[in-house]
1. Could you check segment 119-141 and list, in sequence order, the residues that are part of a strand (DSSP E or B) and more than 14 Å from Q100 (Cβ to Cβ)?
2. Before we move on, is R202 of a type in the set (K, R), under 20 Å from A10 (Cβ atoms) and without any contact (Cβ under 8 Å) to a residue 40 or more places away in the chain?
3. Evaluate the following for R521: is it touching a strand residue (DSSP E or B) at 6+ places or on another chain (Cβ under 6 Å) and open to solvent by 70 Å² or more (accessible area, probe 1.4 Å)?
4. On the given criteria, is G124 within 18 Å of P70 (Cβ to Cβ) and out of contact with any strand residue (DSSP E or B) (no Cβ under 6 Å at 6 or more places or on another chain)?
5. Scan R15, R53, R33 and give me the residue that is of a type in the set (K, R) and either over 21 Å from I310 (Cα atoms) or crowded, with 24+ Cβ neighbours inside 10 Å (or both).
6. Need the failing condition index for W167 against (1) in a helix (DSSP H, G or I); (2) of a type in the set (A, V, I, L, M, F, W, C); (3) within 17 Å of R33 (Cα to Cα), just the number.
7. Restricting the first residue to segment 298-319 and requiring it to be touching a residue at least 40 places away in the same chain (Cβ under 8 Å), which pairs with a second residue that is surrounded by fewer than 19 Cβ atoms within 10 Å (Cβ to Cβ) and polar (S, T, N, Q) meet a Cβ separation below 7 Å and a spacing of at least six or different chains?
8. Looking only at segment 425-458, count how many residues are closer than 23 Å to A495 by Cβ, assigned to a strand (DSSP E or B) and of a type outside the set (A, V, I, L, M, F, W, C).
Amino acid sequence: MTRTVDPIKASVLHRRLKSITEEMGLTLLRTTRSPILNEARDFVTGLYDAQGRMLEQSEYIPVLAFALQPACEHVAGFFGDDIHEGDVVLHNDVFSGGNQNNDVAVFRPIFRDGRLVAWAACKGHQADIGGAQAGGYNPEAREVWQEALRITPIKVVERGQPRRDVWRMIFANIRYPIVEEDIKAQIGATRVGERSMHELFRRFDAPTFDACIGYLFETSERMVRREIAAIPDGVYRGESWAFYDGVNEGSRMRINLAVTVAGDEVTFDFTGSSPQTPGFVNAPYSATASALLLTFLMLINPDVPHNAGILRPIRIVNPEGSFLNARFPAATTFGNSITGPTSDAIFRAFAQALPKMVTAGWNRMMGFTITGQDPRHARPYVDILFLALKGGSGATWGADGYDHIGLINCAGGIQAQDYEMFEIHDPHRLLRHEYAQDSAGAGHWRGGLGVETEFVIDAENVTGIAFGDGIEEEARAFGLFGGRAGSINEITITAPDGSVRRPRAKEIVRGIERGSVFRQRAGGGGGYGDPRERPVEQVVADVLDGVLSVDAAREDYGVVVDPATLALDEAATRRRRGQA
């Protein structure tokens, strides 16, 4: 007999599940040591049913939207009945549901009356995960073992008792002690989730809880199907490119996407995309699926609960052997960063059907990790430099892009790294961090602004790792419907003798001298619509704020501003805009 579900009670359960995942996240923000986690918020927390299906989750970084469910399903299937109250499982393996080896997941089973009913889980990007290169990014990797320590499902706590031998073996293969402390914090976050779920069980008996979960799955499914049904049926095609595989100069990897909307279901088909590369510019299935899901969720009702129901109307075709679903034992660390090109293809496809929902292109990834020895404390350090890599987002119908939020896969904006904490964590002295003039793509609605960052590296034995595809002209954030492209990414390292080095998009830069100046310009997002239709007063405001030059105002927008007084020349503007 079907159990009647009280919609209000189901809504209360949904809100409580969401608050539990957020409480787990706050625990990580307050207890982790690495700025990658407690400032850049590179983690996700979630609750899953006994089979690993998503009950609810909170993505503190977008690219982890689908990063836990496949791994949780694998963990549940791997252990089967051999899972017990008090167990804690670690996992990162990209060939068994993981999305990136640096993203280590912790799973804790939750029991009710002796029966496994759920999992509390979290995943966070670790400062190191073994492999040949400190920090985890290795553009020279040609196979997974050169990238990382693979952690297939393994219990580090069994029936409440720590497995000291297993724990010691794992962390003997990881360089930085901070990683061990951060994994302890993740274990603590899952304990918070377990405790809160037991409190919830006291309010919802088992039949009511199960019925409400089924109701929530069905509700999310209906909401997504309603959104899909509102899209005109058809096949929409999008294409984008990733650049330089780290091995072959001038190489290009094509993303070929066909989106088929049929009634209330949608299929994303990546057939025809480029084959996997010999380098690390490959993605495991989960990374591509997560990129797809986070982008699609931007195009539909933002109030859809994040549970397994949202996946039911969505079909993904991603043939194994492409660089979007690489075969074992390929290197795949760059996979999360392929989110940018993947999102580009999705936006271009849906621009044909949902022109007022898509955004123009976001600034592409150009990351730079620095590792070295901190002379202040005589200890090693690592930083992914989230402060410097976040450019602008693409504009959309009715709104400019977000300034300094960039990277669609790890948006976080100005909060990504606090200036004072940056200098406390790292032996770096910040010289400049400001919006980059003329970085935003021009448009009726302009793209988000990029940023310029400069700092002095006051460290020893420094190595830099460049990992990105945003330095090619074609990689500029694209404009839509007459909008212009955003600006390009650029990194320079100026040695104390004045010599300048410009890293390639994927390169290990060894022997950076103490006292060198690092400079990065993160590009802006693409514009949307004809720049000549942008209100004059908004153009002038950008000029007065110093984020748009007088020359760019005149050439891109047809707005003439006196270079000495910064006053608007109304007559000249009307003539230039063809309104005289």
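1. Within segment 119-141, W119, A120, A121, C122 qualify.
2. Taking the combined requirement at face value, the residue satisfies it.
3. No: the conditions fail for R521.
4. The answer is no for G124.
5. After ruling out the rest, the residue left standing is R33.
6. Checking W167 against (1) in a helix (DSSP H, G or I); (2) of a type in the set (A, V, I, L, M, F, W, C); (3) within 17 Å of R33 (Cα to Cα), the one that fails is (3).
7. R315/T267; V317/T267; V317/T271; P319/T271
8. Of the residues in that region, 7 qualify.
The values are calculated or read from the model by the stated rules, or taken from the named source; none is laboratory data. Nothing here was measured: the structure is a model prediction, and the numbers come from that model. All Cβ positions, glycine included, derive from the backbone under ideal geometry; neighbour counts span all protein chains shown. With ligands, DNA and RNA removed, areas are computed over all heavy atoms of the protein, side chains included. Shrake-Rupley method; radii C 1.70, N 1.55, O 1.52, S 1.80 Å.
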